[in-house]
1. Could you give each residue of segment 21-35 its phi-based ³J(HN,Hα) in whole Hz, using Karplus coefficients 6.51, -1.76, 1.60 with θ = phi - 60°, and x for Gly or Pro?
2. Give me the net charge for the shell around residue 126: Cβ to Cβ below 15 angstrom, other residues only, Lys and Arg +1, Asp and Glu -1.
3. From the Cα gyration tensor of segment 15-77, with a ≥ b ≥ c the square roots of its eigenvalues, which class applies: rounded if a/c is under 1.5, or else prolate if a/b is larger than b/c, or else oblate?
4. Classify the chain: rounded, prolate or oblate, from the alpha-carbon gyration tensor (a ≥ b ≥ c, eigenvalue square roots; a/c under 1.5 rounded; otherwise prolate if a/b is larger than b/c)?
5. Using amide H atoms built 1.01 Å from N in the peptide plane, name the residues 5+ places from residue 61, or on other chains, whose amide H lies under 5 Å from its own.
6. Evaluate the relative contact order of the chain (contact order divided by residue number), counting alpha-carbon pairs under 8 angstrom at least 6 apart; express in whole percent.
7. With θ set to phi - 60° and the Karplus curve 6.51 cos²θ - 1.76 cosθ + 1.60, what are the ³J(HN,Hα) couplings of segment 118-129 in order, to the nearest whole Hz, using x for Gly and Pro?
8. Counting only other residues whose beta carbon sits under 10 Å from that of residue 70, what net charge do I get with K and R as +1, D and E as -1?
Amino acid sequence: MSKLTVNNQPVEFRMDPETPLLWALRDGANLTGTKYGCGTGECGACTVDVDGKPVLSCMASVGSLEGTVVTTIEGLSRDRSHPVQQAFAAEGVVQCGFCTPGMIMAASMLLKTNPTPSDADINAAITNLCPCGVYPRIRRAIRRAARVMAGQETIAAAPPPGIMPDDAARAVPALSPPAKR
């Protein structure tokens, strides 16, 4: 059993300690925002924040992370209000969206340590692969998020997701039988 803090909640994973963190998060904690891309640490779709550093969750075993603090895309901001999430939406970064959670996580950690990154800094920190090739928009979004975090700009909030997590768990009322004629 491996004990971690995931999105500010203590979690005890009752699985083989060699299980990749990716599968512990997705299958054990039902946090499916972290994506499986390549499984070899090449694409970055599975990037999460572990103690403030980007970690490829497909490559790190849950047992090796005992006692750490893990933040996933779900924990970054429940309502999508984090400046990086807002900037990605405002700049129209998302195309297919598969790689987006990993890129947002990598970008958020970059801006924690470097609040005014150059394009070279962004290119060095964001090594995630995007099959859609939206790299220029990613750089624009990261620079914009940096300005928002510095208080130099505001972004009108992106629309909330179609279904709020609390609403998704609500029971659907039973339908009444059709009226007899």
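Values quoted throughout were computed directly from the atomic coordinates according to the rules given, and no laboratory measurement underlies them. Keep in mind it's a predicted model, so treat the numbers as computed, not measured. Please note: Cβ atoms are built from the backbone with ideal geometry, for glycine as well, and neighbour counts cover all protein chains shown.
1. 3, 3, 6, 5, 5, 6, 8, x, 10, 6, 9, 8, x, 6, 9
2. Numbers: positive: 53, 112, 137, 139, 140, 143, 144; negative: 42, 49, 91, 119, 121.
So the environment of residue 126 carries a net charge of +2.
3. Rounded, because the longest to shortest axis ratio a/c is under 1.5.
4. On the way: a/c = 1.93, a/b = 1.19, b/c = 1.62.
Oblate, since a/c reaches 1.5 and b/c is not below a/b.
5. 21
6. On the way: 279 pairs, mean separation 38.7, N = 181.
Once normalised by length, the contact order is 21 percent.
7. Once θ is set to phi - 60°, the couplings for segment 118-129 become 7, 4, 5, 4, 5, 4, 6, 7, 9, 9, 4, 8 Hz.
8. So the environment of residue 70 carries a net charge of -2.
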